Amino acid sequence: MPPLFRPEVQKLGTLTGHRDCVYALAGSPGAPTFYSAGADGFVVGWNIDDPLQDGELIARVENSVYALRYLPERDLLLIGHNFQGLQAIALADKKLVHATALPPFAIFDLAYSARRRRLYAALGDGTLAVLRADDFRVEQLVRVTDKSLRCLALHEERGELAIGSSDALIRVMDADSLAVKQVLTGSTNSVFTAAYTPDSRYLLTAGRDAHLRVWEVDADYREQQAIVAHLFAINHLAFSPDGLLLATCSMDKSVKVWDAETFRLLRVVDKARHAGHGTSVNRLFWSGRQNRLVSCSDDRSLAVWQLTSAK
C-alpha cells in the first residue's frame, strides 16, 4: 500500500572525516552501525542513532573503494578494493579474514546470495566474478561484455541476476548457470544502478541518461515506464526497509523521494531546500531505525536525513 503522505525531511547531521569523494555505503537496516568508503581508501563505521558521533576507522586500503557489502549473519564487511580484489573484515575485532585477488580493475558492485552461497562482483573490464561464499575463493570469471559492469540486482526467488553495464544494456542472467536469459534495451547510456522492488514485481534501473526505468518482471521484463527523474546521471536508488518509499540520488546534487508503488515524486532534497550536498550524490543507505536515510557525495561528506510522516 502506498504512503498517503508526503514525508517531511530533516537533516540530522553532516558526517565528515573522509579526505576524498565518498562512493560506497553499506549496512543492515536494523543495525545501529553503517559503513562508508571512497577514493581515500578509508572504510569507516558510523552510528545511525547518533549522527553527531565521530566515525570509527575500520580499515584502510591502498586504492579507492566503490563497493561495500555487509553480511549481518556473519558480521563480515566485504570491501571491493579497486585493482586489488575482495577483502573480508571480521568486524568484531576489525581483522582481515579473507583476501581474494581479482583481475586488476575497478569493482563497481557486489551482490550476495545466501541461498546459493555465492558472491557476485561486477568488474570494470566487463567480467562477472563469482566467488564461493564460504571462503571467497573464485569459482568462475565470466566475461559478459567489453564495457564496465556497473551494477547488480539479485532476485533470489526467480534465481535471476540483473546486470547493468556501460554498454547501456541490462542482462538478466540465471544466477546458477550464469546463462543470459534476457537482454533489456531502452537505456541510452550507462546503467549505474538496479534493484528489484520489495514485492519483486518490478526491476528498476537508472543511470547516465537520468531516466528511472520500470521493468515488469512477470511480463518478460517489459518496460512499463521510463520517468525523467533527474537533470543528470542517477547514481543509485534504494528502497526504504518498509517498502513504501524509494530514494534516488544524482550527479545533479539532489536526493529525491518517491512513492515506491506509484513512482510518484514526493520530495526533493537538495542544497537550497534542505542544506544538502554541494556536488554529486553517489550512494544511499536506508536504515530501518527511525527511518533514517544516509547519502554520500563527492563533497567528501555524508548526510543523515530523518523522514517522518506528515499528512
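Table for the structure above
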item: Spacing of the two label points (7 Å from each Cα toward its C-beta) at Arg132 and Glu56, in nm; result: 3.2 nm
item: Inverse of mean 1/r across different Cα pairs in the range 87-245, Kirkwood, Å; result: 16.2 Å
item: Placed amide H near Arg289: partners under 5 Å, 5+ positions off or other chain; result: none
item: Compactness of the range 113-166 as Cα Rg over 2.2 N^0.38 Å, two decimals; result: 1.10
item: For the range 27-42, Karplus couplings with θ = phi - 60° (6.51, -1.76, 1.60), whole Hz, Gly/Pro x; result: x, 10, x, x, 8, x, 9, 10, 10, 9, 7, x, 6, 7, x, 7
item: Per principal axis, descending, Cα span of the chain in whole Å; result: 50, 47, 30
item: Surface accessible to a 1.4 Å probe, per residue, for the residues of the range 49-167, Å²; result: 43 Å²
item: Values of log10 I(q)/I(0), in the order q = 0.13, 0.16, 0.24, 0.26 Å⁻¹, for the range 245-303 under a Debye, Cα-only, solvent-free model; result: -0.31, -0.46, -0.98, -1.10
item: Sulfur and carbon atoms: percent of accessible area, the chain [1.4 Å]; result: 47 percent
item: Normalised convex hull volume, the range 1-147, alpha-carbon set, Å³ per residue; result: 155 Å³
item: Largest-first principal axis extents of the Cα set of the range 12-87 (Å); result: 35, 31, 15
item: Nonlocal amide H pairs with Ala67, under 5 Å, H built at 1.01 Å; result: Gly80
item: Dipole axis of the chain (+1 Lys, Arg; -1 Asp, Glu on Cβ), positive-most option in Pro241, Ser309, Pro72; result: Ser309
item: Solvent-accessible area per residue, Å², over the range 216-311 with all protein chains present [probe radius 1.4 Å]; result: 41 Å²
item: For the chain, the longest site-free run once GluC sites (Glu not before Pro) in DSSP loop states with at most 11 other Cβ atoms within 10 Å are removed; result: 158-311
item: Where Cα atoms sit under 26 Å apart: lysine pairs in the chain separated by 8 or more or lying on different chains; result: 9
item: Trypsin sites (Lys or Arg not before Pro) lying in DSSP loop within the range 1-87, provided at most 13 other Cβ fall within 10 Å; result: Arg19
item: Amide H within-cut-off set for Gly276, under 5 Å, with H built and near neighbours excluded; result: Asp270, Lys271
item: Average projected area [Cα convex hull, the range 75-154], square nanometres; result: 4.9 nm²
item: R0 of 22 Å, Cβ-Cβ distance Glu156-Asp75: FRET efficiency to nearest 0.05; result: 0.55
item: Semi-axis lengths, Å, the range 172-311, gyration tensor of Cα atoms, sqrt of 5 times eigenvalues; result: 26, 17, 14
item: Estimated FRET transfer efficiency (Phe5, Ala179; beta-carbon r; R0 35 Å; 0.05); result: 0.20
item: Sites Asn189 and Gln140 - FRET efficiency at Förster radius 22 Å, r taken between beta-carbons, to 0.05; result: 0.15
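The values are calculated or read from the model by the stated rules, or taken from the named source; none is laboratory data. Only a predicted model underlies this, so the values are computations on that prediction, with no experimental measurement involved. Every residue, glycine as well, gets a Cβ built from its backbone with ideal geometry; the counts of neighbours run over all protein chains shown. Accessible surface areas use protein heavy atoms only, side chains included; no ligands, DNA or RNA. Shrake-Rupley method; radii C 1.70, N 1.55, O 1.52, S 1.80 Å.
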